[in-house]
Amino acid sequence: KDILIESMNKILKKLSLFHYNIGFFDYNPEKLSQGECSVAWLRHPYKDRFFADPFILSVDDDEIKVLVEDFEYRRWKGCISLLVVDRKDYHLKRKKTLLDLDTHLSFPFILRKPEGIYVIPENSESGRLTAWKYDLNTETLSKISVLTDMAVIDPVVRKIGEHYYLYGSIKGKNENGALYQWESMEELSGYRLMREEPVKQGKEDARRGGNFFMMDGQLYAATQCCTHSYGEALTICKVNVMDNTLLEETPVVSLYPQKPYTEGLHTLNISEGLCVVDGLTYLFRPVEKIKRMLCFRGINI
């Protein structure tokens, strides 16, 4: 009986589309360190797309502004969008596309500097990593510079001393289990790969799942657990050593998927007393999935 149920579930997933949504919970260091969180999921009307890889732009008493991967099924690629969310009941008030290219975009890492806000989204299909400046007044992104001509996945930037370090996976090089490190004297350009070998390996917690964050005076990292499947859960790691030769992290606690998004949890970011995550479920849409599979094989329908 169990084997039959498992087989049926596999068939259903094969005929379903993966579907992410973002959710929020208040930042409580004690609860987070114990893996406790009660997620309030975003309420929105869209069925033709999903929202993932959330980074908090701003929070006030009325609204939360979040940058996300906005993945449209029809085009089968993501763009970067701004979501304005009601602070009280978490319904989507407004959506605006900020960046839409010919290649897939995701993971809109936010870098705050005295002169403004910069966004460094994953764009590994283009073969490079580019920084964009965000205009608060017009809600637009303008291209600033190229950080590196490499296909970096899930990029995170951190200053150590007088140098800047970029952490991320490389497309096609064990991207779920190998983390690489780049270095630059400039925050938004000139990054060079430190070494050909990964700075960290392991499907349990190598791939980045969000920005580094401080908790009780200690630096932590949000990482993805990909042991059995991509982004199945989040692993919160304590950063023991971070320098130009080494990144040493110790897993502290895991955050697991919550209903109704029970198939994955792979991004965590914290800002202004609020945490944002994304969760995965599947939508049973056999016609769309079969069309996608045929297109992937080069069959026009």
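The values are calculated or read from the model by the stated rules, or taken from the named source; none is laboratory data. Quantities reported herein were computed from a predicted structural model and do not represent experimental measurements. Please note: Cβ atoms are built from the backbone with ideal geometry, for glycine as well, and neighbour counts cover all protein chains shown. For accessibility, only protein heavy atoms count, side chains too; no ligands or nucleic acids. Shrake-Rupley method; radii C 1.70, N 1.55, O 1.52, S 1.80 Å.
Restricting attention to segment 163-179, and to residues there that are part of a loop (DSSP other than H, G, I, E, B) and of a type in the set (S, T, N, Q), which single residue is nearest to TYR230 (Cα to Cα)?
ASN176
Every residue in segment 180-207 that is in a strand (DSSP E or B) and crowded, with 18+ Cβ neighbours inside 10 Å, please.
Passing the criteria: TYR180, GLN181, TRP182, LYS200.
Restricting attention to segment 134-157, which residues are surrounded by fewer than 18 Cβ atoms within 10 Å (Cβ to Cβ) and charged (D, E, K, R)?
Within segment 134-157, ASP135, GLU139, LYS143, ASP149 qualify.
Give me a count of the residues in segment 97-121 that are assigned to a strand (DSSP E or B) and open to solvent by less than 30 Å² (accessible area, probe 1.4 Å).
The total comes to 14.
State whether one or more residues within segment 9-27 are open to solvent by 60 Å² or more (accessible area, probe 1.4 Å), without any contact (Cβ under 8 Å) to a residue 12 or more places away in the chain, charged (D, E, K, R) and part of a strand (DSSP E or B).
Within segment 9-27, none of the residues are open to solvent by 60 Å² or more (accessible area, probe 1.4 Å), without any contact (Cβ under 8 Å) to a residue 12 or more places away in the chain, charged (D, E, K, R) and part of a strand (DSSP E or B).
Is at least one residue of segment 167-177 touching a residue at least 12 places away in the same chain (Cβ under 8 Å), hydroxyl-bearing (Ser, Thr, Tyr) and touching a Lys or Arg at 6+ places or on another chain (Cβ under 7 Å)?
There is at least one residue in segment 167-177 that is touching a residue at least 12 places away in the same chain (Cβ under 8 Å), hydroxyl-bearing (Ser, Thr, Tyr) and touching a Lys or Arg at 6+ places or on another chain (Cβ under 7 Å).
With (1) within 20 Å of PRO121 (Cβ to Cβ); (2) over 13 Å from the mean Cα position of the chain (by Cα) as the list, and LYS88 as the residue in question, which single condition is left unmet?
LYS88 satisfies every listed condition except (1).
Tally up the residues in segment 213-235 that are surrounded by 21 or more Cβ atoms within 10 Å (Cβ to Cβ) and over 15 Å from the mean Cα position of the chain (by Cα), please.
Number of matching residues: 1.
Here are some residues: VAL84, VAL66, VAL59, VAL119. Which one is free of Cβ contacts under 8 Å to residues at least 24 places away in the same chain and among the aliphatic types (A, V, I, L, M)?
VAL84
Here's a check for you: in segment 122-133, which residue that is without any contact (Cβ under 8 Å) to a residue 24 or more places away in the chain and open to solvent by less than 60 Å² (accessible area, probe 1.4 Å) is farthest from the chain's Cα centre (by Cα)?
THR130
Quick one: in segment 29-44, of everything that is outside any strand (DSSP E or B) and either open to solvent by less than 60 Å² (accessible area, probe 1.4 Å) or of a type in the set (Val, Ile, Thr) (or both), which residue is nearest to ASP89 (Cα to Cα)?
Filtering segment 29-44 for residues that are outside any strand (DSSP E or B) and either open to solvent by less than 60 Å² (accessible area, probe 1.4 Å) or of a type in the set (Val, Ile, Thr) (or both), the one nearest to ASP89 (Cα to Cα) comes out as LEU42.
Suppose we filter ASP60, ASP86, ASP48 for residues that are at pLDDT 95 or above and either closer than 14 Å to GLY279 by Cα or loosely packed, with under 13 Cβ neighbours inside 10 Å (or both); which single one remains?
ASP60
Would you point out which residue out of GLY177, GLY168, GLY210 is modelled with pLDDT of 95 or more, open to solvent by less than 40 Å² (accessible area, probe 1.4 Å), out of contact with any Leu (no Cβ under 9 Å at 6 or more places or on another chain) and not acidic (Asp, Glu)?
Exactly one of GLY177, GLY168, GLY210 is modelled with pLDDT of 95 or more, open to solvent by less than 40 Å² (accessible area, probe 1.4 Å), out of contact with any Leu (no Cβ under 9 Å at 6 or more places or on another chain) and not acidic (Asp, Glu), namely GLY177.
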